[in-house]
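Report on the structure given below.
Just so it is clear, none of the values below were taken in a lab; they were calculated from the coordinates. Because the structure is predicted, anything quoted here is derived from the model rather than measured. Note that each Cβ is placed from the backbone with ideal geometry, even for glycine, and that neighbours are counted across all protein chains shown.
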Ligand code: FAD
Ligand code: NAI
């Protein structure tokens, strides 16, 4: 059977796909130059990233007009809106990831290839991207084909147009101890790590007598960051405690304490105040301890230091012992992006990502576009922005309007957030028109229906629906390891 990393390197061309492939002087890895498809008269579009921006672009680009190459170290798309539901098993991890190959196989009209590789440098003067391969790549599936890349090989991929959609990475703001002791919830592999640590802490706490401070510490979960990632994660964890753990281990469940720490005076500050007040009330009712105007300044192995602003001149410093720490304070640009910024005068001073013009073209470059979280277009770093940017750009490319298209216009459909206890808040809009604002159980069902409609594959939609159906009948799958 073909492994995933083999099948995804799928080229539709018959034989003349790759025109040149040179193996340079051997260092520890092979350095190759790959000028894909330059023989067939079509332009080479290279996409970086298999997230909301990259996969939406791949889905909509007309492959009969371009040779399309997707490069991403992650061989799957991740439906991030349901990621907070996975650490506790409300939704299974595999339900919200979709292999890249499932998108690639639908592109039957032209050359489409995938490299399970990390782009390490954008060489904008040469129109190439240097990649480091994470798998053995045999473009034509022919065992005698010399034009293949081995795992850990480096290669330069030539592009006529580059679409940068590498997203962003968790921001620790350089706060000491976060990287060593905190856990993030950004990629699918973060989810089982959180679950494992929580379970191990429960097991260890269960050996200790009631009232032991170590037992209390092990049963304390701290979520730092009251944005939607932090709130939804805290809500899901509390759901697990209230709905499942209480039945298995009631004495442990009643001692679990979840803290949510937010530096601003409110959580979920993208929502109107009526909804944020409601959200705060729901969290407090479910016994999540909210710390507002509180910034974490240092993390130690077993406790963290939090500073609460009491007045303009006064702050209170507190030590909070924790067993599990989830860090959700937003994102920062990846190094491939910051390296490129340093090389382009028009990008100087940009700290959040690649500055793009109204056509999503990277300022200072002619043939490089940026979409999603790695682009600075004056919009929030959300999936709906990345998706719409990708759709816009593919329309421009498909109509051969590169350089003459109308500017990108974003249409805001609103925001939703799950709070726990089957309650959600929603502000649904159509551009500036308000369609629905509310919070509670009905909004929770609206949240579910809208998220199902947002899922970009039927396989995943079906799996999520069955996870929710299963949850109505049974407890969550809460396995330490598989
Ligand atoms: P991503 O989706 O992060 O994809 C980036 C891709 O680039 C990945 O495949 C990655 O592996 C790849 N990559 C990284 N480095 C390299 C490299 N060097 N070379 C090549 N490829 C690389 N937004 C909403 O609108 N609604 C929501 O409900 C919502 N919920 C969220 C919940 C969570 C827990 C999180 C973390 C985010 C949520 N978001 C939501 C935000 C949304 O996920 C992001 O805005 C969106 O993923 C951005 O898309 P992107 O394509 O820019 O980046
Ligand atoms: P965020 O940037 O939205 O929120 C991070 C929060 O952490 C901020 O409120 C900030 O004040 C706080 N913070 C920063 N440093 C801190 C510190 N040291 N101590 C305490 N608090 C601190 O990040 P998040 O939630 O990861 O979201 C990222 C993006 O993804 C956003 O654009 C968001 O809208 C989107 N998203 C949307 C979701 C939805 O629509 N349901 C769900 C999750 C993410």
*In whole angstrom, note down how far apart the Cα centers of region 165-186 and region 229-298 are.*
20
*Enumerate the residues in region 398-415 having an amide nitrogen under 18 Å from the point lying 7 Å beyond the Cα of residue 60 toward its Cβ.*
398-414
*Hey, with R₀ at 41 Å, roughly what FRET efficiency would residue 346 and residue 422 work out to, going by the Cβ-Cβ distance, to 0.05?*
0.25
_Helix 273-285 against the longest principal axis of the chain: what's the angle in degrees, Cα atoms only, rounded to the nearest 10?_
60
*State the Cα centre-to-centre distance between region 315-335 and region 434-456 in whole Å.*
29
*the chain, relative contact order in percent, only Cα pairs under 8 angstrom and at least six apart counted*: 16
_When region 421-482 is reduced to its Cα atoms, the Kirkwood hydrodynamic radius in Å_ = 13.6
*Send over the semi-axes of region 280-323's equivalent ellipsoid, whole angstrom and largest first, taken as the square roots of 5 times the C-alpha gyration tensor eigenvalues.*
20, 18, 6
*Protection-proxy order for peptides 75-86, 430-441, each taking the mean of Cβ atoms within 10 Å per residue, highest first*: 75-86, 430-441
_From the helices alone, meaning DSSP H stretches of at least four residues, give me the mean residue ellipticity at 222 nm for the chain, per-run term -39500 (n - 2.57), in deg cm²/dmol to the nearest 500._
-8000 deg cm²/dmol
_Run the Debye formula on the Cα coordinates of the chain, all scatterers equal and no solvent, and tell me log10 I(q)/I(0) at q = 0.08, 0.10, 0.13 1/Å._
-0.53, -0.82, -1.26
*What angle, in degrees between 0 and 90 and rounded to the nearest 10, separates the Cα long axis of helix 190-205 from the longest principal axis of the Cα atoms of the chain?*
30
*Calculate how steeply helix 228-240 sits against the longest principal axis of the alpha-carbon atoms of the chain, using the helix alpha-carbon long axis, and give the answer as 0 to 90 degrees to the nearest 10.*
50
_Against the empirical 2.2 N^0.38 Å scaling, what ratio does the C-alpha Rg of region 174-265 come to?_
1.12
_Residues 48, 482, 268, 304 arranged by fewest to most Cβ contacts within 10 Å_ = 482, 268, 304, 48
*Set the Förster distance to 30 Å, then compute FRET efficiency between residue 357 and residue 264 from the Cβ-Cβ distance, nearest 0.05.*
0.45
*What nm value, rounded to one decimal, do you get for the distance between residue 315 and residue 401 when each label is placed 7 Å out toward the C-beta?*
5.0
*Residue separation times 0.36 nm, minus the C-alpha to C-alpha distance between residue 432 and residue 456: what's the value?*
6.1 nm
*Quickly rank 350-356, 471-477 as a protection proxy: mean count of other C-beta atoms within 10 Å, highest first.*
350-356, 471-477
